[in-house]
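The values are calculated or read from the model by the stated rules, or taken from the named source; none is laboratory data. As the structure is a prediction and not an experimental result, all values here were calculated from the model. Positions of Cβ are generated from backbone atoms using ideal geometry, with glycine treated the same way; all protein chains shown enter the neighbour counts. For accessibility, only protein heavy atoms count, side chains too; no ligands or nucleic acids. Shrake-Rupley method; radii C 1.70, N 1.55, O 1.52, S 1.80 Å.
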Amino acid sequence: MCKNHFNPIHCIIPPYMLIKLMESGNKKIADMAINSNFRSFRFRNDRIFFQQSSLHEKTILGLISKDTGKDIMQMEVYDCRQKTDFINATLLWDTKTNQKLTSVAGKNVIKGGKASWDFYWKLFGRNSIDNKGMLIKQYVHFDKGMDNAYWDGRRMVYGDGDGTVFTSFTSDIDVIGHELTHGVTENEANLDYENQAGALNESFSDIFGIMIKQRFNNQDVKKSNWLIGEKVMIGPKYALRSLKAPGTAYINHPELGSDPQPATMDKYQNLPDTESGDFGGVHINSGIPNFAFYVTAFNMGGYAWEKAGRIWYAVLTDVSLAQNARFTDVKNLTIVHAEKTFGINSLEVKAVKQGWSEAKV
């Protein structure tokens with residue numbers, strides 16, 4: 001939700017959802033959504049400031065890690081106590097003291113943060129978000145009833161939800177993994193946050209977010225339901241997004257209506273490159289590459305991160321992936337890396353091609 005396409009804040013709740021909530025007939029829901037939308041401007045301004053800072057300033061602010069050479073997770077968890085003040089937030093937990101917690105939200109983000117760090121380190125040898133041991137800062141209970149979770153370039157911030165449509169945004173490991181992966185993308189491909197490049201940016205976060213949850217729960221491609229944010233949304237029939245069947249994560253929701261995501265390129269939505277247009281539909285059209293990944297991973301079988309995940313990570317960290325990449329660019333690179341890793345005539349290459357074919361890219 002940021003007008004700066006190249007260095008935005010990244011939010012799990014897209015503009016089209018907040019717009020629906022702001023128009024709700026339920027005054028409580030509408031008021032909280034308006035406040036959540038307003039709060040995004042603060043993060044946006046912070047992000048622009050971080051973007052314009054010098055190398056020295058970024059180091060002082062903790063945006064650039066001092067490479068300690070230690071391959072260990074470093075994390076701090078703070079409680080904003082439903083206020084919007086980061087400076088006076090209470091330190092709940094850090095990896096140095098590892099103190100016991102009673103906070104459910106605190107426990108959730110520690111679990112999700114550890115699962116994300118462990119995923120990238122054990123599978124890809126990646127040391128934190130920037131691959132230099134970056135300190136992961138997580139802030140829970142931000143504001144009263146805020147309907148979102150953010151990665152703003154230096155920290156994770158979680159709202160508690162309005163209590164009617166959304167509960168705590170710390171509830172799902174995949175949401176935490178999704179937002180932290182925005183940091184990984186920012187430090188690698190730094191994909192523009194608009195149109196197809198922006199949809200790919202969101203898709204990489206959904207793909208790695210779901211794999212982080214699958215690995216934590218020891219789920220293979222058949223056991224996973226491939227839903228993002230199923231606990232964050234209140235109600236057993238609702239989730240934020242579905243990789244298996246984009247457009248079905250929520251149907252006829254009393255406040256949100258139905259999931260607008262397409263699964264195939266012939267349904268691609270050409271939306272305005274504005275905030276209300278989701279910057280060309282970055283959260284909406286991400287369903288297309290999401291579906292391509294799902295079909296690929298499902299046809300490969302087993303655990304998604306073992307083969308399909310390796311290919312997609314290789315693409316994300318490929319220096320030839322342009323900031324303004326299109327779906328076809330990622331399609332071609334996934335085929336190239338599948339051929340390099342598994343062989344030109346391998347079943348894995350066929351699965352990748354089939355995935356993109358099913359998504360009609």
If we restrict to alpha carbons, what Rg and Dmax does the range 185-325 come to, in Å?
-> 14.9, 44
For Lys132 and Asn225, FRET efficiency with R0 = 25 Å and r from the beta-carbon atoms, rounded to 0.05?
-> 0.10
Distance in nm between Val104 and Asn324 label points, each 7 Å along Cα→Cβ, equals 4.7
Can you spot the aspartates and glutamates whose alpha carbon is less than 16 Å from Lys100's alpha carbon? Ignore those fewer than 8 places along the same chain.
-> Glu76, Asp79
Centroid-to-centroid separation of the range 97-135 and the range 322-361 [C-alpha atoms, Å] | 30
Spin-label model distance (nm) - Ile234 vs Thr97, 7 Å beyond Cα toward Cβ | 3.4
All other residues with a Cβ under 10 Å from the Cβ of Thr317 taken together, and with Lys, Arg as +1 and Asp, Glu as -1, what is their net charge?
-> -1
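Please work out whether the range 79-182 counts as rounded, prolate or oblate from its C-alpha gyration tensor, where a ≥ b ≥ c are the square roots of the eigenvalues and a/c under 1.5 means rounded, while otherwise a/b larger than b/c means prolate and anything else oblate? Each step should come with its number before you reach the end.
Working: a/c = 1.77, a/b = 1.47, b/c = 1.21.
Note, shape of the range 79-182 comes out prolate.
Distance cut-off 18 Å, Cα to Cα: go down the list Lys114/Lys137; Lys122/Lys231; Lys107/Lys222; Lys223/Lys360; Lys222/Lys307 and report the pairs above it. Before the final figure, lay out each step's value.
On the way: Lys114/Lys137 12 Å; Lys122/Lys231 26 Å; Lys107/Lys222 28 Å; Lys223/Lys360 26 Å; Lys222/Lys307 15 Å.
Beyond 18 Å: Lys122/Lys231; Lys107/Lys222; Lys223/Lys360.
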Say each of Gln354 and Thr90 gets a label point 7 Å from the Cα, pointing the same way as Cα to Cβ; how far apart are those two points in nm?
-> 5.4
3J(HN,Hα) from dihedral phi, the range 188-194, Karplus parametrisation 6.51/-1.76/1.60, rounded to Hz, x for glycine, proline | 10, 6, 6, 4, 4, 9, 7
Heavy-atom accessible area of Leu271 with all protein chains present, probe 1.4 Å, nearest 10 Å²?
-> 60
